Amino acid sequence: MSHSRISGTGGYLPDRVVTHALPATLLQPSDRRIVSRTRLAQRHSAAPDPLSSVLAHASAREALANSGTCADSTDLALAAT
């Protein structure tokens, strides 16, 4: 019988931080209302030019580092946004 296990996880947050000030001016809800509904005070936003595969690559490298294995010995990698 074969078994599966999660051996490492990884993530990537773009450097650009976006507060709710800009969306609040566009959509007109207050910052306090956004935070109370979403529990998020800020978000990270990627620049328009990097592809999602570039972001996924950074996450995969972190996951491999956290697992202590190499890509050649990995049978499956999952990605989600």
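How many nm is it between the label spots at His57 and Tyr12, if each spot is 7 Å from the Cα in line with the beta carbon?
Here the modelled spin labels are 0.8 nm apart.
Suppose R0 equals 25 Å. What FRET efficiency, 1/(1 + (r/R0)^6) with r the Cβ-Cβ distance, do Arg39 and Arg5 give to the nearest 0.05? Intermediate results must be reported in sequence, preceding the final value.
Details: r = 30 Å, r/R0 = 1.22.
The formula returns an efficiency of 0.25 here.
So, taking all protein chains as they sit and a 1.4 Å probe, how much accessible area belongs to Leu76, in Å² rounded to tens?
That residue has around 130 Å² of solvent-accessible surface.
I'd like the Karplus ³J(HN,Hα) series for the stretch 59-74: coefficients 6.51, -1.76, 1.60, θ = phi - 60°, whole numbers in Hz, and an x wherever there's a Gly or Pro.
5, 5, 4, 5, 4, 5, 5, 5, 7, x, 10, 10, 4, 5, 9, 9
The values are calculated or read from the model by the stated rules, or taken from the named source; none is laboratory data. None of the values given here were measured: they were computed from a predicted structure. Counting neighbours? That spans all protein chains shown, and the Cβs are built from the backbone with ideal geometry, glycine included. The protein model used for the area step is the full one, side chains on, heavy atoms only, and it has no ligands, DNA or RNA in it. Shrake-Rupley method; radii C 1.70, N 1.55, O 1.52, S 1.80 Å.
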